[in-house]
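What follows is calculated from the coordinates using simple rules that are stated; it is not laboratory data. Quick caveat: nothing in here was measured; it's all calculated off a predicted structure. Quick reminder, even Gly has a Cβ in these numbers, built from the backbone with ideal geometry, and neighbours come from all protein chains shown.
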Amino acid sequence: MTTLQITQLSQLDLTASYSYADYLTWQFDETVELIKGKIQRMSPAPNVDHQRLSMYLSNRLYPFFKSKPCQVFAAPFDVRLYDRRKSLLANQDIHTVVQPDLCVICDKAKLDTQGCNGAPDWVIEILSRGNSNKDVKIKHQLYQESGVREYWVVYPYEQVIHAFVLDENSERYALSNTFAGDDMARPQLFPDLVIDLQELFAEE
């Protein structure tokens with residue numbers, strides 16, 4: 001029996017549930033994420049402000065981590081998420097695949113040729129007008145459930161960063177810092193890394 005090749009998003013039932021094994025077979029150009037089995041279209045191509053912030057942060061993070069065990073990756077980069085209490089899952093058992101704007105991974109065992117299998121240590125999402133609900137609410141919950149230790153949300157228009165850190169006892173995020181104005185933002189996990197907000201938002 002011949003398996004139908006999926007070359008267009010329109011061939012899929014957006015109300016159905018899919019796994020990462022399904023995701024790997026899709027051959028269309030449109031970028032999507034899987035959120036607990038449901039297909040989520042990505043926002044339109046990021047605007048200039050979003051890309052400028054992403055490039056600045058990448059240029060700060062890459063040299064910082066270059067000589068360290070941790071590695072930094074920028075989207076597009078598949079991150080497979082599931083409950084932190086579960087061991088590594090097979091592709092057919094994974095139902096959430098996201099593409100964070102930036103992520104830092106310190107456990108090399110989580111990296112394979114397809115991306116990251118499990119929760120990164122630090123995730124940064126840069127909001128666009130079309131993806132604020134997904135990143136603030138849905139991804140906040142996903143990253144919390146899967147055990148992302150630190151999660152930053154960058155608000156380009158307000159020129160603010162909210163930094164959430166996972167409380168290992170409650171397994172919930174606490175807002176550890178709100179960076180704004182002329183602050184020097186430091187991730188709790190990597191306090192030697194300093195991000196100058198005035199430089200970050202200089203051209204916004």
For 53-63, 101-111, 188-198, ranked highest to lowest by mean beta-carbon neighbours within 10 Å, the order is 101-111, 53-63, 188-198
Two pseudo-spin positions, 7 Å from Cα along C-beta at residue 24 and at residue 93, lie apart in nanometres by 1.4
To the nearest 10 degrees, the tilt of helix 48-66 (Cα long axis) against the first principal axis of the alpha carbons of the chain is 80
Here the gain from full extension of residue 136 to residue 8, 0.36 nm per residue of separation minus their alpha-carbon distance, amounts to 43.2 nm
Binned at 5 Å starting from 0, the alpha-carbon pair-distance distribution of the stretch 1-138 in whole percents comes out as 2, 9, 18, 21, 20, 16, 10, 3, 1, 0, 0
If the chain between residue 193 and residue 113 were fully extended at 0.36 nm per residue, the gain over the current Cα-Cα distance would be 26.0 nm
By the rule of another cysteine's Cβ lying under 4.7 Å, the cysteines of the chain that fail to get a partner are 103, 116
Whole-Hz Karplus couplings 3J(HN,Hα) for the stretch 15-21, θ = phi - 60° and coefficients 6.51, -1.76, 1.60, Gly and Pro as x, run 8, 7, 10, 10, 10, 5, 4
Answer in debye to the nearest 20: the dipole magnitude of the chain about its Cα centre, from +1 Lys/Arg and -1 Asp/Glu charges placed on Cβ, is 480
Residues whose modelled amide H sits under 5 Å from the amide H of residue 35, counting only those 5 or more places away in sequence or on another chain, are 40, 97
Long-range amide H partners of residue 121, meaning residues 5 or more apart or on another chain whose placed amide H is closer than 5 Å, are 104, 105, 106
